[in-house]
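For reference, the structure is listed below as structure tokens.
The values are calculated or read from the model by the stated rules, or taken from the named source; none is laboratory data. This structure is a prediction, so every number in the text was calculated from the model and none was measured. Quick note on the areas: whole protein, heavy atoms, side chains included, nothing else; ligands and nucleic acids left out. Shrake-Rupley method; radii C 1.70, N 1.55, O 1.52, S 1.80 Å.
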Amino acid sequence: KSIDQTKSTLQKIKPKIIVLNDNTFPINRAIIQVAKELGIQTIEIQHAAYPIKAKLLPGLGADFVYVWGEYYKKTYEQTIRDDNSIKILGYPFKTTFNNELLPNKKLTLYYFAQGFQFQDIKNLDRLLENALYLKNLSNTLNITFKCKLHPHSPQVLLDKVLPHIECNPLEQTMENAINDGDIFISFNSTALIEAALQGKKCFQLMNLPVESDNFEELGICETFLGLNELDLHLTNLFKLDRNKILSKRSSIN
């Protein structure tokens, strides 16, 4: 029924091209399928950092995939696409390097806690452990700690984290969070890349048993495999003059 309704709608609109931000949701897959039947070309724009070793679900159905850069173009070429159907769009979001620190401003650390809906419940325990550890560390270093959950976090993650950690409202925009924070920590969130592109100080905390690229190897930000080594690094940073703490900016290759 959904496919029939989609087909009826597209026959009325008669578009020449359809642009999608992903093909992971059923409705978008239905649109791609119907578009192929009607001879309408489809384009999917890369919407997240896809791990090179992971199975690539995005980009399987659309006629063209527009990616952020050469790295992801090669990723698709090695797996499921030929060169002619992959176009480099660049990073499609606004970037403004407005990161000056006020002399007496108290620094704010954000932890982007991702909810892996289809992963083991033990990963949720680790996310909570990370949040509690970083909150205590922030208190020790006299930093304001804030935790932001993904807006589509599963209820099981909310039930796990919210009783123990006060989190920012789910409706908070990413732009607001990045403007508000100075230091950002996450596992492999695309938001970490966005923050790095805004010149913020970012760290990848790679302590979850989930397939992910090493952001440091990609030139995005420094990567740490555990809380202890991240703790040591941040503690050493804050032994420096506060005006130098964020002087080493992230640089995207």
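The P(r) of the range 12-51 has a tail past 16 Å containing 36 percent of all C-alpha pairs.
Using a 1.4 angstrom probe on heavy atoms only, work out the carbon and sulfur share of the accessible area of the range 141-234 in %. Carbon and sulfur together cover 50 percent of it. Taking 30 Å as the cut-off for C-alpha to C-alpha distance, list the pairs among Lys122/Lys201; Lys1/Lys74; Lys36/Lys74 that go past it. In this structure, Lys1/Lys74 lie more than 30 Å apart at Cα. Less than 5 angstrom separates the built amide H of Thr223 from those of Gln204, Glu216, all sequence-distant by 5 or more or on a different chain.
All C-alpha to C-alpha distances of the range 102-214, sorted into 5 Å bins beginning at zero, yield P(r) values of 2, 12, 24, 25, 21, 11, 3, 1, 0 percent in whole numbers.
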